[in-house]
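The values are calculated or read from the model by the stated rules, or taken from the named source; none is laboratory data. For clarity, every value in this text was computed on a predicted model and none was experimentally measured. As a convention, Cβ positions derive from the backbone with ideal geometry for all residues, glycine included, and neighbour counts pool all protein chains shown.
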Amino acid sequence: MTPRIHEGLSAFTTFERAAETARKFPPLGGYIARVRLVAGCGFTIGEWGTRGPEGHLTIFGDALMLSQAVVDIVLVNEGST
C-alpha cells in the first residue's frame, strides 16, 4: 500500500531549515527532534523537489520505530549545528 502524504512526518535535511520553518510558523512548536534513520528499518522518505520548501522531506514508517530514531530534541532558539 502506498502511503498518503498526510500519513507522513514532515522533516528537513538541515537543522537550520527546520528552525527557519518553526520560527515562521510558531504553532508548529518550539522544538526540533533530530533523528537518525537506519537503512532497512522500514522507513520511506519522500522528497518533493520544487513542490515544497528546499530540503523538505516526508518520512513514512512505523511511529514506534520513528520514536526510537530520535537522538536529540533541541529548543529552536538554543539549537546549534
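Does F25 satisfy the condition of being of a type in the set (F, W, Y) and surrounded by 12 or more Cβ atoms within 10 Å (Cβ to Cβ)? I'd like the intermediate steps shown before the answer.
On the way: of a type in the set (F, W, Y): yes; surrounded by 12 or more Cβ atoms within 10 Å (Cβ to Cβ): no.
No, not satisfied.
For the stretch 23-62: of the residues being small (G, A, S) and modelled with pLDDT of 90 or more, which is nearest to G8 (Cα to Cα)? Checked the stretch 23-62; the qualifying residue nearest to G8 (Cα to Cα) is G61. For the stretch 63-81, the candidate set comprises residues that are part of a loop (DSSP other than H, G, I, E, B) and within 17 Å of R17 (Cα to Cα); within that set, the residue that is modelled with the lowest pLDDT is T81. Among the residues of the stretch 9-31, those identified as assigned to a helix (DSSP H, G or I) and under 10 Å from the mean Cα position of the chain (by Cα) are F15, A18.
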